[in-house]
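The values are calculated or read from the model by the stated rules, or taken from the named source; none is laboratory data. This one's a predicted model, so the numbers in the text were calculated from it and none came from an experiment. Note that each Cβ is placed from the backbone with ideal geometry, even for glycine, and that neighbours are counted across all protein chains shown. For accessibility, only protein heavy atoms count, side chains too; no ligands or nucleic acids. Shrake-Rupley method; radii C 1.70, N 1.55, O 1.52, S 1.80 Å.
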Amino acid sequence: MIDAAIKALQQMFSPPFRSVLIKSVLLALVMIVLIGVGLHKGLSWLTQSGSVWAEGSLGAGAHSPLSWIVWIVSIATSLGIIVGGVFLMPAVTAFVGSFFVDEIAEQVERVYYPQDPLGTALPVMRGAVEGLKIALISVAVYIVALPFVFFAGLGLFILFFASAYLLSREYFELAAMRFLPPAEAKAFRKANQTSVFTAGLLIAAFVSIPVVNLATPLFAMAFMVHMNKKLSQRALIAARR
């Protein structure tokens with residue numbers, strides 16, 4: 001397992017991986033900006049509309065206090081969108097990165113397993129659905145864990161172990177589906193769930209590093225391609241006995 005992680009980290013510095021990383025991060029930044037602009041305009045419109053309604057209900061004397069409230073709310077909204085963008089960046093990168101996971105997997109297979117046949121790329125729609133699942137899972141984990149952060153850091157443990165389980169499951173199945181139908185890939189993952197979850201702890205550690213976690217799709221996919229190969233070989237040897 002450690003060997004698989006080291007190989008994944010080493011290959012991340014190769015030109016093909018750097019190219020994918022640049023593309024995925026740039027696309028993620030564009031998505032974050034578009035989401036932020038859309039949210040800002042929508043919330044600003046709601047704030048202004050609410051101010052007009054409140055002034056109409058309370059009278060002209062409330063204009064000055066309401067102006068201050070609108071100003072404060074606008075600043076809070078802007079700061080909230082910026083902070084939210086920072087937290088959403090890994091999730092958005094995971095979604096965008098899903099469009100490149102097959103490219104990553106193929107690079108790993110060509111470099112480390114040239115004697116084996118290459119896997120079959122997932123259909124674009126299937127890859128998008130899986131990427132959306134990973135992004136939504138990431139957001140859900142953050143939302144659930146956030147309230148617990150204030151209880152002796154309990155949220156950090158929830159976030160770490162939930163990320164380990166959920167992300168390892170998704171990326172392992174993505175790697176397995178290059179060679180197996182979806183149902184068989186899920187069954188293969190369940191048959192090796194202990195090994196997959198343990199590997200997921202390394203992915204969770206990677207995700208916990210700010211800025212570096214933007215490369216999570218690359219590391220996680222490359223890592224799980226190696227894990228899939230190792231566990232497949234182990235299952236083949238066991239079947240021959």
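Some points to look at:
- Evaluation of Ser195 against (1) under 20 Å from Lys230 (Cβ atoms); (2) within 17 Å of the chain's Cα centre (by Cα) (one fails), failing number: (2)
- Filter result (farther than 23 Å from Met227 by Cα and modelled with pLDDT of 80 or more) within segment 17-32: Ser19, Ile22
- Pairs where the first residue, in segment 113-131, is of a type in the set (Val, Ile, Thr) and the second is in a loop (DSSP other than H, G, I, E, B), C-beta under 6 Å, 6+ apart: Thr120/Arg178
- Of the residues in segment 189-199, at least one is under 19 Å from Ile134 (Cβ atoms), open to solvent by less than 10 Å² (accessible area, probe 1.4 Å) and either among the basic types (Lys, Arg) or in contact (Cβ under 8 Å) with a residue 24 or more places away in the chain (or both).
- Residue match in segment 146-159 (condition: at pLDDT 55 or above, open to solvent by less than 90 Å² (accessible area, probe 1.4 Å), under 30 Å from Arg18 (Cα atoms) and not hydrophobic (A, V, I, L, M, F, W, C)): no
- Options Ser14, Ser44, Ser64: the member that is modelled with pLDDT of 60 or more and more than 30 Å from Gln107 (Cβ to Cβ): Ser44
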